[in-house]
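**Q** My questions all concern the structure below.
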Amino acid sequence: MFTKAITRIPARSFANGLTTSKLGNPDYDLMLQQHYKYVEALVNLGLEVTQLEPFNDFPDAHFVEDVAVVTNEIGVITNPGAPERNGEKFFIKAPLSKFRDLEFIESPGTLDGGDVLQIGKHFFIGISERTNEEGANQLASILKKFGYTFTNVKVGPGLHFKSSVNYVGKNSILITDHFFSNPIFDAYNKILVDKDEEYAANSLFINDTILTPKGYPKTKAKLSKLDFPIIELDMSEVQKMDGGLTCLSIRFAG
Ligand code: CIR
């Protein structure tokens, strides 16, 4: 059960963040609205949300997931792989230290939280343009102490590993075609995301409810077979900046 989350209100500068999407200019008011609805969904699922202030100097800072990996035992502050975002790590320390002892990924290791998928006691760590082997190995050596196991996996299309694979409950994962046949996921019930709905692979399982982006009916139909409540959230402005549902929060047990 998650009982806590940390989020950050998007800054007015958010459209200056990094993006590869060609979906057009995002709208600030709509972004705020979408972020508000997201936080509201977390609150309705029983999470106590710490909302950090907008941060104009770092237009991507509301993608808080990338700056920390939090387990029941520890908070690990990452070393974000994009130079433009690296300084965000200094500003998650104080809020997270209220809940966890902290450890740190150090250069030359780099790591973005978006590349880190925890399923029970196992972690998949994506090696991507943001996360290198050294960063993945540092995370593993910190978390090994607490009995976790690890698999490193090379990220394919998409920014982060969690652009492609996410846990959705009942031993099931939503997974894109790129990873579908990879035997490292054979222990799970794989739910293939259709090619034209791959954005929906970034769905988020919280306290027996699935949050999924609005507008992906085939994925929603597949998810509904799991028999969990599904909340659809409009992510249009978030998507324009290469973000998704997981990126907007750090979730953990209190
Ligand atoms: C970036 O390129 O870093 C941001 N514009 C998007 C980060 C999305 N984060 C995530 O998927 N965890």
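The values are calculated or read from the model by the stated rules, or taken from the named source; none is laboratory data. For clarity, every value in this text was computed on a predicted model and none was experimentally measured. With ideal geometry, Cβ positions are generated from the backbone for all residues, glycine too; neighbour counts draw on all protein chains shown. Please note that ligands, DNA and RNA were not included when accessible areas were found on the heavy atoms of the full protein model with its side chains. Shrake-Rupley method; radii C 1.70, N 1.55, O 1.52, S 1.80 Å.
**Q** Tell me the relative contact order for the range 72-141 as a rounded percent, counting alpha carbon contacts under 8 Å between residues six or more apart.
**A** 34 percent
**Q** Hey, any idea what % of the chain's accessible area is carbon plus sulfur with a 1.4 Å probe?
**A** 51 percent
**Q** Still on this structure: With θ set to phi - 60° and the Karplus curve 6.51 cos²θ - 1.76 cosθ + 1.60, what are the ³J(HN,Hα) couplings of the range 103-108 in order, to the nearest whole Hz, using x for Gly and Pro?
**A** Karplus values, whole Hz, x for Gly and Pro: 10, 9, 7, 10, 4, x.
**Q** Taking loop as defined by DSSP and a crowding limit of 10 other beta carbons within 10 Å, which trypsin sites (Lys or Arg not before Pro) in the range 140-175 fit?
**A** LYS145
**Q** List the residues, sorted by chain then number, that are 5 or more residues from LEU233 or on another chain and whose placed amide H is less than 5 Å from its amide H.
**A** THR212, LYS214
**Q** Please list log₁₀ I(q)/I(0) at q = 0.12, 0.14, 0.18, 0.20 Å⁻¹ for the range 1-121, using the Debye equation with identical point scatterers on the alpha-carbon positions.
**A** Per q value, in the given order, log10 I(q)/I(0) is -0.46, -0.64, -1.05, -1.26.
**Q** When only Cα pairs under 8 Å and 6 or more residues apart are kept, what is the percent relative contact order across the chain?
**A** 23 percent
**Q** Turning to a different aspect of this structure: Please state the charge dipole magnitude for the chain, taken about the Cα centre, from unit charges on C-beta atoms (+1 on K and R, -1 on D and E), reported in debye and rounded to the nearest 20.
**A** Result for the chain is approximately 540 debye, rounded to the nearest 20.
**Q** Averaged over all directions, how much area does the convex hull of the C-alpha atoms of the range 4-252 cover when projected, in nm²?
**A** Projected over every direction and averaged, the Cα hull of the range 4-252 covers 11.8 nm².
**Q** Could you work out the helix-only [θ] at 222 nm for the chain, with each DSSP H run of four or more residues adding -39,500 (n - 2.57) and the total divided by the number of residues, to the nearest 500 deg cm²/dmol?
**A** Per the formula, -5500 deg cm²/dmol.
**Q** Output the antiparallel fraction of DSSP beta bridges having both residues in the range 4-252, as a percent to the nearest 5.
**A** About 45 percent, rounded to the nearest 5.
**Q** Sticking with this structure for a sec: Considering the zone a paramagnetic label at ASN16 would reach in this model (a point 7 Å from Cα along the Cα-to-Cβ line), which residues of the range 234-254 have amide N under 17 Å from it?
**A** Counting only backbone N, you get 241.
**Q** For ILE119, what accessible surface area do you get with a 1.4 Å probe? Give it in Å², rounded to 10.
**A** For ILE119, solvent-accessible area is about 20 Å².
**Q** Oh, and also: Hey, can you list the DSSP H helices of the chain whose Cα span along the axis is 20 Å or longer and whose average Kyte-Doolittle score is at least -0.5?
**A** Passing helices, by number: 28-44.
**Q** Round to a whole angstrom and tell me the spacing of the C-alpha centers of the range 75-107 and the range 1-43.
**A** 20 Å
**Q** Accessible area per residue, 1.4 Å probe, Å², for the range 4-252: what's the number?
**A** On a per-residue basis, the range 4-252 sits at 43 Å².
**Q** Read phi for every residue in the range 189-206 and hand back ³J(HN,Hα) as whole Hz from Karplus 6.51 cos²θ - 1.76 cosθ + 1.60, θ = phi - 60°, with x for Gly and Pro.
**A** For the range 189-206, the Karplus curve yields 6, 8, 10, 6, 8, 4, 3, 7, 10, 4, 4, 6, 4, 8, 9, 9, 9, 10 Hz.
**Q** For SER141 and LYS195, compute 0.36 nm times the residue count separating them, minus their Cα-Cα distance, and round to one decimal in nm.
**A** Length difference between fully extended and current span is 15.9 nm.
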